[in-house]
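A short worksheet on the structure shown next.
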Amino acid sequence: MKKKIALITDVHANVEALQAVLLDMKDKNIDTIYSLGDIIGLGYAPSETVRLAIDNNIINIQGNAEAYVTMGPDMFPYLKRNNIERYNNAIWTSEQLSAEELDYINNSPVSVELVINGKKIGLCHFPLDVRYDFIGVWKYDGKNPEEFLKRNTSDDIEKYKLELYENVKIADKNPLLFGKNIFDFDRIIYGHYHFERNHILGNVILDSLNGTGVAITDKAIYYILENGAKLIKYEVPYDYEKVFRETEEKDFPNKDTFKKVISWRKLW
């Protein structure tokens, strides 16, 4: 029997988007749902979002937003230095979560390894662990894929490849992928960027997925990985205007950033 795995990523406490994709999945005979990180952070509904994830048996992988909670934002000096509102949001998010919800976040793995039809597939938030400021993060200013590509020249890409290969040497210090590096896998599927990008590095297929709650559209997005091979994207309508209104009305740290990442079409 074919195995169907659902993938979401970067919900960022957008509970309306998560509700919509879960409802859409109901009749699709999904075996397992994985969240590729940042299920919390930025948004105004962290508790409701985590509760929904727990109730639906979603296996959540830690992203940087989870790490700001599990390790505490003081472990990331760049937050205080460059983004005090994100620092405050991490503290506020922690305070919103119940003991059970915090346990769920604290016990989320940093990566998952699957073997399907003889192929090794790694699921993580980002192939290099941004939580420890690992090298190799491409230049990205958080707007859209066109901007991303414009800011990354062919020289940038070659430099990134060299840094990735260099990073292989310190893979045993990397908590991602059980101390392995991306070249031990046939495919890596991840989030973090909030938009879709597919590329090949060496013999490894790398799939960056659109954010579920922070997509560059007014739809909630998820994917189904069928039998380890075919990756199918689903775009689901949800009450996007309600989320925008709630964001405007509620008082929580870093709301302007959340407003931007849920409203690409509205603001830009």
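The values are calculated or read from the model by the stated rules, or taken from the named source; none is laboratory data. Source: prediction; values computed, not measured. Neighbour counts are summed over all protein chains in view; Cβ atoms, including those assigned to glycine, are modelled from backbone coordinates with ideal geometry. Quick note on the areas: whole protein, heavy atoms, side chains included, nothing else; ligands and nucleic acids left out. Shrake-Rupley method; radii C 1.70, N 1.55, O 1.52, S 1.80 Å.
Peptide packing for 209-216, 92-99 was compared via the average number of neighbouring C-beta atoms within 10 Å per residue; ordered from the highest value, the list is 209-216, 92-99.
Here region 186-268 is assigned +1 on the Cβ of each Lys and Arg and -1 on the Cβ of each Asp and Glu. Its dipole about the Cα centre then comes out at about 160 debye. Across the accessible surface of region 204-268, with the other protein chains kept in place and a 1.4 Å probe, carbon and sulfur atoms take up 45 percent. Judged by the mean number of other Cβ atoms found within 10 Å, the most tightly packed of the peptides 197-207, 11-21, 178-188, 29-39 leads the ranking 11-21, 29-39, 178-188, 197-207. Across region 16-128, the fraction of Cα-Cα pairs farther apart than 21 Å, rounded to a whole number, is 41%.
The figure for Glu241 is an accessible area of roughly 90 square angstrom, using a 1.4 Å probe on the protein chains alone. From largest to smallest, the equivalent ellipsoid semi-axes obtained for region 69-112 from the alpha-carbon gyration tensor read 21, 14, 7 Å. Between Arg245 and Leu201, the modelled labels are 4.3 nm apart [label points 7 Å from Cα along Cα→Cβ]. The peptide list 118-124, 54-60, 104-110, put in order of mean Cβ contacts within 10 Å with the highest first, becomes 118-124, 104-110, 54-60.
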